Amino acid sequence: MARTPVIAGNWKMHKTVAEAVALAQAVKDGAAGAAHCQVVLAPPYTALYPVAGILRDSRVILAAQNVHWEPGGAFTGEISLPMLEAIGCRMVIIGHSERRQYFGETDATVNRRVRAVLDSDLQPIVCIGETLEEREAGRHYDVVTQQLDGGLDGLTRRSLLRIILAYEPVWAIGTGRTASPETAQEMHAFIRSRLSERFGEGAREVRILYGGSVKPANIAALMRQPDIDGALVGGACLEADSFLGIIHYNA
Ligand code: 13P
């Protein structure tokens with residue numbers, strides 16, 4: 001089965017409701033003809049519900065940036081899967097490096113979230129990737145292996161097929177320093193081979209996105225790599241023109 005590319009915009013902590021609605025509308029209009037890929041928007045929590053209204057009856061998929069594993073309860077400040085399901089969210093980013101770095105996310109908590117998401121109707125976009133220090137120490141493959149093994153612990157072969165992975169080297173995030181297409185491909189191929197060791201054949205069907213300073217100017221070369229199945233975009237998704245330039249990488 002061919003892997004349909006995914007172009008996802010992670011808005012991080014940007015956009016008021018009014019700004020979010022305007023951006024979502026512009027992306028929806030501009031992406032209407034983009035049948036070659038799945039387009040995903042991940043606005044901040046406050047904008048999810050209004051953006052869901054904009055995206056209804058469109059091909060653009062709504063995602064959240066994080067979720068708690070419990071379905072409800074006394075967890076001040078958290079958001080649950082039933083809440084996301086109820087407004088039409090279909091995907092959720094899990095384990096972004098900023099959550100690992102600033103908010104205490106670990107492979108163990110990533111794993112709890114991933115398992116909960118797989119029990120829901122949503123699909124997880126699971127983020128992994130090494131820091132500059134780890135790469136310079138030659139530990140990048142070990143780090144990514146550990147994140148994969150820990151984050152996907154206990155998953156079945158069948159549930160693996162619902163996962164989307166995002167390889168985001170921390171040194172490439174927000175720095176303007178993209179991994180070269182070859183460097184990214186090397187890691188994507190490594191990730192796929194690790195998945196096939198653990199889960200078998202199904203690894204061939206898992207989409208692995210690249211993230212880190214993706215721009216309209218570098219997306220096409222990344223997408224030509226055999227194991228790069230899309231992009232998780234930060235800075236360049238905050239303006240409709242640049243995000244649409246990435247979505248239409250094949251134009
Ligand atoms: P940038 O595209 O700003 O480097 O961010 C990437 C990212 O973290 C997406 O999740």
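The values are calculated or read from the model by the stated rules, or taken from the named source; none is laboratory data. The shown structure was predicted, so the numbers you read here are calculated from the model rather than taken from an experiment. In this analysis, Cβ positions are derived from the backbone assuming ideal geometry, glycine residues included, and neighbour counts consider all displayed protein chains.
Applying the selection to segment 48-65, what residues are in a loop (DSSP other than H, G, I, E, B) and crowded, with 19+ Cβ neighbours inside 10 Å?
In the first step, residues of segment 48-65 are kept if they are in a loop (DSSP other than H, G, I, E, B); the result is 56-60, 65.
The answer is Val60, Gln65.
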note = Checked against (1) within 13 Å of the ligand (Cβ to nearest atom); (2) surrounded by 17 or more Cβ atoms within 10 Å (Cβ to Cβ); (3) part of a loop (DSSP other than H, G, I, E, B), Trp171 satisfies every condition except (3)
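Matching residues to (1) of a type in the set (Ser, Thr, Tyr); (2) surrounded by 22 or more Cβ atoms within 10 Å (Cβ to Cβ); (3) away from the ligand (no atom under 16 Å from the Cβ):
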residue	(1), (2), (3)
Gly77	no, no, yes
Met83	no, no, yes
Gly88	no, no, yes
Arg99	no, no, no
Tyr102	yes, no, no
Asp107	no, no, yes
request  = Go over the candidates Gly176, Gly138, Gly200 one by one and state the one that is within 12 Å of the ligand (Cβ to nearest atom) and over 18 Å from the mean Cα position of the chain (by Cα).
outcome  = Gly176
message = Quick test for you: out of Glu133, Glu98, Glu85, pick the one residue that is part of a helix (DSSP H, G or I), of a type in the set (Asp, Glu) and at pLDDT below 95.
response = Glu133
Top-ranked residue of segment 213-245 - restricted to ones that are more than 9 Å from the ligand (Cβ to nearest atom), in contact (Cβ under 8 Å) with a residue 60 or more places away in the chain and in contact with a Lys or Arg (Cβ under 7 Å, 6 or more places away or on another chain), ranked as farthest from Pro44 (Cα to Cα) = Asp229
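Could you list all residues from segment 127-162 that are hydrophobic (A, V, I, L, M, F, W, C), touching a strand residue (DSSP E or B) at 6+ places or on another chain (Cβ under 7 Å) and surrounded by 23 or more Cβ atoms within 10 Å (Cβ to Cβ)? Give the derivation first.
Just the residues of segment 127-162 that are hydrophobic (A, V, I, L, M, F, W, C), to begin with: 127-128, 132, 137, 143-144, 148, 152, 155, 160-161.
Adding the requirement that they be touching a strand residue (DSSP E or B) at 6+ places or on another chain (Cβ under 7 Å) leaves 127-128, 144, 148.
Those that are hydrophobic (A, V, I, L, M, F, W, C), touching a strand residue (DSSP E or B) at 6+ places or on another chain (Cβ under 7 Å) and surrounded by 23 or more Cβ atoms within 10 Å (Cβ to Cβ): Cys127, Ile128.
Would you check if Ser193 is hydroxyl-bearing (Ser, Thr, Tyr), within 16 Å of the ligand (Cβ to nearest atom) and surrounded by fewer than 15 Cβ atoms within 10 Å (Cβ to Cβ)? I'd like the intermediate steps shown before the answer.
On the way: hydroxyl-bearing (Ser, Thr, Tyr): yes; within 16 Å of the ligand (Cβ to nearest atom): no; surrounded by fewer than 15 Cβ atoms within 10 Å (Cβ to Cβ): yes.
When the stated conditions are applied, Ser193 does not pass them.
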request  = Could you tell me which numbered condition Glu205 fails, if it satisfies all but one of (1) within 15 Å of the ligand (Cβ to nearest atom); (2) over 29 Å from Glu19 (Cα atoms)?
outcome  = (1)
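Within segment 150-190, which residues are within 21 Å of Val117 (Cα to Cα) and of a type in the set (A, V, I, L, M, F, W, C)?
If we filter segment 150-190 for residues that are within 21 Å of Val117 (Cα to Cα), which is where we start, we get 150-168.
Those that are within 21 Å of Val117 (Cα to Cα) and of a type in the set (A, V, I, L, M, F, W, C): Leu152, Leu155, Leu160, Leu161, Ile163, Ile164, Leu165, Ala166.
Out of the residues in segment 168-222 meeting the condition of being at positive phi and not hydroxyl-bearing (Ser, Thr, Tyr), tell me which one is modelled with the highest pLDDT. Step through it out loud before you land on a result.
Of all residues in segment 168-222, those at positive phi come to 174, 176, 200, 212-213.
Next, from what is left, pick out any that are not hydroxyl-bearing (Ser, Thr, Tyr): 174, 176, 200, 212.
Working: Gly174: 88, Gly176: 83, Gly200: 93, Gly212: 96.
The selected residue is Gly212.
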remark   = From the option list Ala63, Ala34, Ala24, single residue qualifying as modelled with pLDDT under 95 and in contact with a strand residue (DSSP E or B) (Cβ under 9 Å, 6 or more places away or on another chain) is Ala34
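Suppose we keep only residues that are outside any loop (DSSP other than H, G, I, E, B) and not hydrophobic (A, V, I, L, M, F, W, C) within segment 109-130. Which one would you say is nearest to the ligand (Cβ to nearest atom)? I'd like the intermediate steps shown before the answer.
Of all residues in segment 109-130, those outside any loop (DSSP other than H, G, I, E, B) come to 109-118, 123-128.
Of the ones still in play, those that are also not hydrophobic (A, V, I, L, M, F, W, C) are 109, 111-113, 115, 123-124.
Working: Thr109: 18, Asn111: 20, Arg112: 21, Arg113: 16, Arg115: 22, Gln123: 16, Pro124: 14 Å.
My answer is Pro124.
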remark   = When segment 1-18 is checked residue by residue, the ones that are surrounded by fewer than 20 Cβ atoms within 10 Å (Cβ to Cβ), among the hydrophobic types (A, V, I, L, M, F, W, C) and under 24 Å from Ile173 (Cα atoms) are Met13
